[in-house]
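As C-alpha cells, the structure follows; a few thoughts come after it.
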Amino acid sequence: MGNVFAAEKNAGTPSPPMMGMPTPPVSPAAAAALAAAKASGSGDLPNPGNFEDLFKKIKEIFPSPIEGCKLVVNKGLSNHFQVSHTVSLSAFNPSSYHFGSTYVGSKQVSPTEAFPVLLGDIDTSGSLNAQIIHQLADRIRTKFVVQTQQTKWGVYQGEVEYKGPSYTGVLTLANVDPLEGSGIAVAHYMQSITQRLSLGAELLYHCGQGQQAAIVSLAGKYATDNWVASSTIGPTAFHAGYYHKGKEVQIGVEFESNLRAKESSVSLGYQVDLPAANVVFKGMVDTNWTVAAVLEKRLQPMPFAFILSGVINQWKNQCRFGFGLMIG
C-alpha cells in the first residue's frame, strides 16, 4: 500500500580470479551438480517486488473509461521536464482542466529508471496532487505524497522502501498528527520462498479520536514467465487475482470479497494489442452487470492517439460513452 488512500533481482557479481592464479578446472561431477542446481531453480532467489504491486498487472489491462470528451496535450520541454494539459467536458460530471508537470533527474539507476522524480497535478478548483520519488541508495527508495482538496489538506504521507536481494520491506506513515494523536502507519514485507513463490504480510495501524486499531493481512504470489496468481486475506476482506499473458492477448480475473458486508464480485478484463494496426483494445465485464471497453488508435506518423470509450450497466440502467484525443 504505497498510497494509503489512493491503491530486481540483484544477483551478486562473482569475484574474478586473482592475478597470476590459474582458474581451477571444474570436474564433470561439479559441472553436473551446478547444471542440476540451475535447472531446479536453487540459485539466488529473485526480489518478489512490492506488496502494493501484487495486482498491478491485472489492474493495468482493465480499461479506464471516459465520459464525454477529453483532450490531453503532452509537451516535452527538455530531456528531463514535461508538462501536460487535460480538458474534460461532461454532461454528468463537472467539466475540468488539469495542468500537470513531470521532472525526471539525471541519476540513472537502470535503462528505464532515473531519479529524482517530481510529479504534480493541479486543477481549476485548486486541488493538488504532488509526489516526490527519490532513490537514496542502491536499495533504499523514498516517496512523499501530498494531496489537497481545494484549500484543505487531504493526504500527506511519507514512504521508505528497502529492496533486498530476495525481499522487500516498506514503511508508510500517513496523516500523522502528534498533537491530535492521530495517524496511520502501514508496514509491508514480501519474501521469496522459491524462484516462483513469494509470501508476505501487511500490518496497518490506525489511531485517532481516542480509538486505535491494528489489522494484519497475509499475501501470496506465484509467478511464471506467462502468468501470475496472487491473493491477500485479512479479517474483513479477501482479494485474489490471476493474470495470463499471450502473444497478443492479456487476460486478468479478479475476485474481491468483503467478509464483513458479505458482498463479493468477480471481474474479467482483457487487453488486445494489434501492433500492425497501432490499436490497443481493453475490455471488462463483472458480476455487477457492468460492461466497459476502451479502444486506443495511434495515428502514425503523427503523435496523435484517438480514444473511444463506453460503459453500460443494465442493472442500474446506465450508459456512458466518450471519446478523446491525446497529442504527444
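The values are calculated or read from the model by the stated rules, or taken from the named source; none is laboratory data. Everything numeric here is computed off the predicted structure, so don't read it as measured data. In this analysis, Cβ positions are derived from the backbone assuming ideal geometry, glycine residues included, and neighbour counts consider all displayed protein chains. Keep in mind that these areas ignore ligands, DNA and RNA; they rest on the heavy atoms of the full protein, side chains included. Shrake-Rupley method; radii C 1.70, N 1.55, O 1.52, S 1.80 Å.
Note down all Cβ pairs under 7 Å where the first residue falls in segment 69-96 and is more than 15 Å from Gly324 (Cβ to Cβ) and of a type in the set (D, E, K, R), the second is at pLDDT below 95 and surrounded by 12 or more Cβ atoms within 10 Å (Cβ to Cβ), and they're at least six residues apart or on different chains.
As it stands, the answer is Lys75/Gly328, since those pairs meet every condition given.
Could you check Ala137 against (1) of a type in the set (A, V, I, L, M); (2) open to solvent by 50 Å² or more (accessible area, probe 1.4 Å); (3) part of a loop (DSSP other than H, G, I, E, B) and say which number it fails?
Evaluating Ala137 over (1) of a type in the set (A, V, I, L, M); (2) open to solvent by 50 Å² or more (accessible area, probe 1.4 Å); (3) part of a loop (DSSP other than H, G, I, E, B) leaves (2) as the failure.
Which condition breaks for Asn175 when tested against (1) at negative phi; (2) polar (S, T, N, Q); (3) assigned to a strand (DSSP E or B)?
(1)
Please specify each residue of segment 217-234 satisfying the condition of being loosely packed, with under 12 Cβ neighbours inside 10 Å, farther than 17 Å from Lys59 by Cα and of a type outside the set (Ser, Thr, Tyr).
Asp225
Output the number of residues of segment 158-206 satisfying the condition of being open to solvent by 50 Å² or more (accessible area, probe 1.4 Å), among the acidic types (Asp, Glu) and under 23 Å from Ile233 (Cβ atoms).
Going through segment 158-206 one residue at a time, the tally reaches 0.
Go through segment 249-287 and give me each residue that's farther than 18 Å from Lys59 by Cβ and either at pLDDT 95 or above or not basic (Lys, Arg) (or both).
Asn258, Leu259, Ala261, Glu263, Ser264, Leu274, Pro275, Ala276, Ala277, Asn278, Val279
Any residue that is closer than 21 Å to Glu67 by Cβ, open to solvent by less than 60 Å² (accessible area, probe 1.4 Å), touching a Ser or Thr at 6+ places or on another chain (Cβ under 6 Å) and of a type in the set (Gly, Ala, Ser) - is there at least one of those in segment 278-297?
no
Given (1) open to solvent by 50 Å² or more (accessible area, probe 1.4 Å); (2) more than 25 Å from His188 (Cα to Cα); (3) among the acidic types (Asp, Glu), where does Glu113 come up short, assuming only one miss?
(2)
Could you identify the single residue in Gly200, Gly169, Gly120 that is closer than 30 Å to Thr86 by Cβ, under 22 Å from the mean Cα position of the chain (by Cα) and part of a strand (DSSP E or B)?
Gly120
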